Amino acid sequence: MDKSVICEALYALPGNIVEKRRKGIAIPLAAAFVGAAVLAAVAVMAGKSVSSDLVSVLAVFGAAMVIGGIAVTLVRIIGKGGDPYLRASGKRLDVAELAFDRTRMSEVLDKIDRGDVDALLKMEESSVASLVVVVYRSHDGLFAACQPFEYAELEYRPLRGLKVFEK
């Protein structure tokens, strides 16, 4: 079950209603700046009568924040990743993986065929994921796309193609 294939199918929908966007860089940049501020505070505290253990812990924390913030920022700028966003609302689509028992296959497929995603989301899930439905849905519920998969021979195989519903 490759979600990137589902996302590519969403991006190829007529009218470009779903687009690929990257996550913002404000939070990782803020983390890097906080880390730099902690390192600056450590440099000031190093000569004072402060516990060397505290200085060491703060130095490691500050360095980790700087390195982590810069790394995540670079990945978000340079990386090929992205999330599906609904163009009309500008909001990211929620994704859910619903796991059901194989005995409920006809019921699940019937709900998908009817486009009743709300009823599908309300169904009781199983702890054994022999049937999985991947659902991408807008926050307001006006757009939904789902695809069912069946676990067979050590992999998830699609039972049907991607089904898109708009209200």
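Coordinate-derived values only; no laboratory data. Since we're looking at a predicted model, the values are computed, not measured. Quick reminder, even Gly has a Cβ in these numbers, built from the backbone with ideal geometry, and neighbours come from all protein chains shown.
Brief remarks on what is shown
- Residue 85 vs. criteria buried (at least 16 other Cβ atoms within 10 Å of the Cβ), under 22 Å from the mean Cα position of the chain (by Cα) and within 28 Å of residue 31 (Cα to Cα): yes
- Here residue 4 fulfils each of the conditions (1) in contact (Cβ under 8 Å) with a residue 40 or more places away in the chain; (2) among the hydroxyl-bearing types (Ser, Thr, Tyr); (3) closer than 30 Å to residue 153 by Cβ apart from (1).
- Considering residues of the stretch 5-19 that are in contact with a Pro (Cβ under 8 Å, 6 or more places away or on another chain) and closer than 10 Å to residue 87 by Cα only, the residue surrounded by the most Cβ atoms within 10 Å (Cβ to Cβ): 18
- For residue 111, the conditions (1) touching a helix residue (DSSP H, G or I) at 6+ places or on another chain (Cβ under 8 Å); (2) charged (D, E, K, R); (3) not in a helix (DSSP H, G or I) all hold with the exception of (3).
- Residue in the stretch 44-63 that is over 30 Å from residue 121 (Cβ atoms), loosely packed, with under 14 Cβ neighbours inside 10 Å and in contact (Cβ under 8 Å) with a residue 12 or more places away in the chain present: no
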